Amino acid sequence: MSTPSSLDALIEALRCLPGVGPKSAQRMAYHLLQRDRQGAGRLADALAHALGAIRHCGRCNTFTESDVCERCLSPKRDASLLCVVETPVDMNMMEQTHAYNGLYYVIMGRLSPLDGVGPRELQLDRLLARAGDGQVREVILATNYTNEGEATAHYVGELLRSRGIRVTRIARGVPVGGELEYVDAGTLAQAVRERKSVDGG
């Protein structure tokens with residue numbers, strides 16, 4: 001017996017989610033239709049509402065329902081600091097550290113020539129305009145330490161420095177609570193290179 005075309009369409013649609021292959025998508029589709037039709041309805045409604053209501057913040061480019069997000073409008077944030085991250089998830093992780101109180105710019109990706117993602121696709125001209133608004137004194141590059149993230153940080157850093165803007169990069173090294181025995185050699189080598197002096201007490 002052939003699968004109903006609408007079910008095929010649902011399975012195919014679910015495959016757009018990261019890490020979801022054909023079998024996982026099929027399992028999800030059957031679960032929603034067989035065991036949780038009410039949940040499927042809520043999911044459909046929430047997705048439709050989000051697609052209609054959520055847009056990009058005019059200042060930091062993250063997701064928001066307003067023209068400018070609450071974080072960008074907050075007078076409690078340090079407007080002289082601008083942290084560049086790849087995704088809204090990365091921004092949320094930075095916030096969870098409680099170690100940063102500046103503003104952000106989310107580039108929504110990273111440079112990846114093999115995937116056809118260049119400076120134009122990331123709209124880096126918008127970042128340059130934001131960083132050059134006269135208030136920003138330092139841009140902190142917090143892209144991931146992947147090959148693409150490193151290339152993005154290097155490219156963006158060069159663009160900003162050529163405009164006289166101070167640029168820094170988040171450090172990397174041994175994780176808090178990590179034991180050297182379990183740290184990979186590359187991370188340990190970086191921690192040695194980025195070592196800091198110990199203040200006498």
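The values are calculated or read from the model by the stated rules, or taken from the named source; none is laboratory data. Values in this document were obtained by computation on a predicted structure and should not be read as measured data. Note that we place each Cβ from the backbone using ideal geometry, even for glycine, and neighbour counts take in every protein chain shown. The accessibility values were calculated without ligands, DNA or RNA, using every heavy atom of the protein model including side chains. Shrake-Rupley method; radii C 1.70, N 1.55, O 1.52, S 1.80 Å.
Below are the figures for this structure:
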quantity: Top positive-direction residue, dipole computed over segment 90-201 with Cβ charges, set Gln96, Ala129, Ser112; calculated: Ala129
quantity: Length gained when the stretch Ala40-Met108 is fully extended (0.36 nm per residue, less Cα-Cα span); calculated: 21.6 nm
quantity: Extreme residue, positive dipole direction of the chain, given options Ala50, Ser162, Ser74 (C-beta unit charges); calculated: Ser74
quantity: Amide H contacts under 5 Å for Gly102, placed H, 5+ residues apart; calculated: Asp78
quantity: Local electrostatic count, Ala25, Cβ distance below 9 Å [Lys/Arg +1, Asp/Glu -1]; calculated: +2
quantity: Of all accessible heavy-atom area on segment 1-124, the percent that carbon and sulfur account for (1.4 Å); calculated: 56
quantity: Net charge dipole size for segment 42-201 [Lys, Arg +1 and Asp, Glu -1 on Cβ; Debye, nearest 20]; calculated: 540
quantity: Per residue value of the accessible surface for the chain (all protein chains in place, 1.4 Å probe), Å²; calculated: 67
quantity: Carbon/sulfur fraction of accessible area - segment 133-185, other protein chains in place, 1.4 Å, %; calculated: 51
quantity: Separation of the Val176 and Gln123 label points, Cα + 7 Å toward Cβ, nm; calculated: 3.4
quantity: Principal axis dimensions, segment 1-125 - Cα atoms, whole angstrom, descending; calculated: 64, 37, 26
quantity: Relative contact order (percent, whole number), the chain, Cα cutoff 8 Å, 6+ residue spacing; calculated: 13
quantity: Rel. contact order, % - alpha carbon contacts under 8 angstrom, at least six apart, segment 103-173; calculated: 31
quantity: 3J(HN,Hα) from dihedral phi, segment 94-103, Karplus parametrisation 6.51/-1.76/1.60, rounded to Hz, x for glycine, proline; calculated: 4, 5, 5, 6, 6, 10, 9, 10, x, 9
quantity: Net +/- balance of residues flanking Thr187 in space, Cβ distance below 15 Å, scoring K and R +1, D and E -1; calculated: -2
quantity: Neighbour net charge for Met108 - beta-carbon separation under 15 angstrom, K R +1, D E -1; calculated: 0
